[in-house]
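Remarks on the structure that follows.
Bear in mind that the values in this text are calculations on the coordinates, not laboratory data. The structure displayed is predicted, hence computed values, not measured ones. Glycine also receives a Cβ, built like all others from the backbone with ideal geometry; neighbour counts cover every protein chain displayed.
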Amino acid sequence: MRIFDPHIHMTSRTTDDYAAMYDAGVRALVEPSFWLGQPRTSPASFYDYFDALLGWEPYRAAQYGIAHHCTLALNPKEANDPRCTPVLDELPRYLLKDHVVAVGEIGYDSMTPAEDHALAAQLQLAADHGLPALVHTPHRDKAAGVTRTLAVIAESDLPPAQVVLDHLNETTVKAATDSGCWRGFSIYPDTKMDEHRMVAILREYGTDQVLINSAADWGKSDPLKTRKTADAMLAAGFTEDDVDKVLWRNPVAFYGQSGRLELEPPKPGGSATHEGNSILRGGS
């Protein structure tokens, strides 16, 4: 079984997670830039973070045979902080980089006017750079957030087929389906979606334009939820081809719109360093 996790925050995970993911079948992933748990205090902290997603984290993933890609953006939560908004002016130089396969995470947190502006501006950046967009739907007032998001997308130059609405659930999947956008689902241990609810949605809405991710971060989450969802699909009567479509071919199709995917997983255990640094502590 081959798995492409289209949304996982490996910066907050350990190398043990990379090893377990590889053993479970994960061969490629996308790491969206996101809020780190406490406010950043200057744009420079974003740039160091972006550089790590473009350099150090792909190196770390490569040691475990996993191809790493990223999405970059000013996230919705920090779009409300004037100290952070200059990031919007610097994003274009980052969006030209190899392995940046979308603009994201963008969208809504509290649905403020500042978030309206950041969402519209970054949808335009995606259109200008020929990139798809990864849109974060809010955890509060999700249905209203999806409605508001779709209105902004409709006014943008980015076609719905180049947008994935992530963190969807049963209350928002129909609106997302009707919009023509891709539908993203985050599978979590206690919150958001679980694998059995996901199987029920797949039965009702089908397997087209669906992305299933673990979105694992520094909270209670599970980087193996993609594999657990695949196993639940098989147990529910879906075919191996259905699983391959949802867990591999669909994310390849969506992020492939960037023209930047490199899916051949590097061999694990490489000896090269990244800027002189190795994940092996105590080495030369």
Report summary line: Given Cβ charges of +1 for Lys and Arg and -1 for Asp and Glu, the option among TYR188, TYR22, VAL152 whose Cα lies farthest towards the positive end of the dipole of the chain is TYR22
Query - Cα-Cα over 30 Å, subset of LYS77/LYS245; LYS97/LYS174; LYS77/LYS220; LYS142/LYS228; LYS97/LYS192 - result: LYS77/LYS245; LYS97/LYS174; LYS97/LYS192
Requested in this report: Inverting the mean 1/r over all pairs of different Cα atoms, compute the Kirkwood radius of the chain and quote it in Å.
Outcome: 18.9 Å
Query raised in the report: Most exposed first by the Cβ proxy, i.e. fewest other Cβ within 10 Å, how do TRP248, TRP182 rank?
Result: TRP248, TRP182
Requested in this report: Mind checking which of ALA52, ASN75, PRO132 is farthest towards the positive end of the chain's charge dipole, using Cβ charges of +1 (Lys, Arg) and -1 (Asp, Glu) about the Cα centre?
Outcome: ALA52
Report summary line: Computed for the chain: size of charge dipole around the Cα centre, +1 on C-beta of each Lys and Arg, -1 on C-beta of each Asp and Glu, debye to nearest 20, value 320 debye
**Report entry** ASP190, ASP222 arranged by Cβ crowding within 10 Å, fewest neighbours leading
**Finding:** ASP190, ASP222
Report summary line: Here the Cα Rg-to-2.2 N^0.38 Å ratio for region 117-262 is 1.03
Query raised in the report: Exposure proxy check: LEU95, LEU134, LEU234 ranked by fewest other beta carbons within 10 Å?
Result: LEU234, LEU95, LEU134
Query raised in the report: Rg to Rh for region 187-265: what is it, with Cα atoms only and Rh by Kirkwood?
Result: 0.98
Query raised in the report: Considering every pair of different Cα atoms, what Kirkwood radius, in Å, is found for region 104-170?
Result: 11.6 Å
Requested in this report: Using only the Cα atoms, work out Rg/Rh for region 195-234, with Rh taken as the Kirkwood radius, to two decimals.
Outcome: 1.00
Requested in this report: Provide, in order from the shortest bin, the percent of all Cα-Cα pairs of region 1-90 in each 5 Å bin, continuing until the bin that contains the maximum pair distance.
Outcome: 3, 14, 25, 21, 15, 11, 8, 4, 1, 0
Requested in this report: Would you kindly work out the equivalent ellipsoid of region 38-173 from its C-alpha gyration tensor and give its semi-axes, the square roots of five times the eigenvalues, largest first in whole Å?
Outcome: 24, 18, 15
Requested in this report: Work out from phi, with θ = phi - 60° and the Karplus expression 6.51 cos²θ - 1.76 cosθ + 1.60, the ³J(HN,Hα) of each residue of region 13-24, listed in order in whole Hz, and give x for Gly and Pro.
Outcome: 10, 9, 5, 4, 5, 4, 5, 5, 5, 4, 4, 7
